[in-house]
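Here's the structure we're looking at; comments come further down.
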Amino acid sequence: MRGEQAQRLVESSLPLVEPNSIIWGDWEQYTPFKYYQLINGWRTDVTVRNSLDRWPEKVIAARAAGQPIYFTRKPTDLLGTPYLTMVGPMIHLQTAPQFEAPANLTPVNANFEDELELLAIAPNLA
């Protein structure tokens, strides 16, 4: 990650994840998250793990432990996985569909060619 990318990634996502979550990412995303935890003391309740390989097995274990699950990028075989949503720049694997937008978002209700519906947007975090 170059310039301020790492800072933007962490600061635009780590405050938004649920308590006691697990975040999986490749080393280039893992490193800034761990830095913010170890050096800055941010969100030490969140588990950050490296390597997205064998993610389906890891998801089963995390769900059994009751941990909310986030990915820093899309694994190649994530297509078709139900209940995905974005939380900042991360992918959240929900356990059920979400029918209401979070209260801190601005509703837009935009439809794109009957293929994608955008319910709301977040205010600029910069």
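Read-outs throughout are calculated quantities, based only on the coordinates presented, and are distinct from any laboratory measurement. Since we're looking at a predicted model, the values are computed, not measured. All Cβ positions, glycine included, derive from the backbone under ideal geometry; neighbour counts span all protein chains shown.
A crude spin-label estimate for the pair Thr95 and Glu57, with each label 7 Å from Cα along the Cβ direction, gives 2.3 nm. Site pair Ala122 and Asn20 shows an inter-label distance of 2.3 nm when each label is modelled 7 Å from Cα along Cα→Cβ. For the stretch 46-126, trypsin sites (Lys or Arg not before Pro) are listed when DSSP marks them as loop and at most 13 other Cβ atoms sit within 10 Å of their Cβ; the list is Arg54.
Each DSSP beta bridge with both residues in the stretch 5-96 is either parallel or antiparallel, and the antiparallel ones are about 50%.
Hey, what's the Kirkwood Rh for the stretch 9-126 if you take every pair of different alpha carbons, in angstrom? Show your work: numbers first, answer last.
On the way: mean 1/r = 0.0652 Å⁻¹.
About 15.3 Å, per the Kirkwood formula over Cα pairs.
Taking Cα centre as origin and charging only the Cβ of basic (Lys, Arg, +1) and acidic (Asp, Glu, -1) residues, the dipole magnitude of the chain rounds to 540 debye.
The chymotrypsin sites (Phe, Trp or Tyr not before Pro) of the stretch 1-100 that meet both conditions, a loop assignment by DSSP and at most 14 other Cβ atoms within 10 Å of the site Cβ, are Tyr83, Phe99. Can you compute the FRET efficiency between Ile39 and Ser12 using 1/(1 + (r/R0)^6), with r the Cβ-Cβ distance and R0 = 25 Å? Round to the nearest 0.05. So, using R0 = 25 Å, E works out to roughly 0.85.
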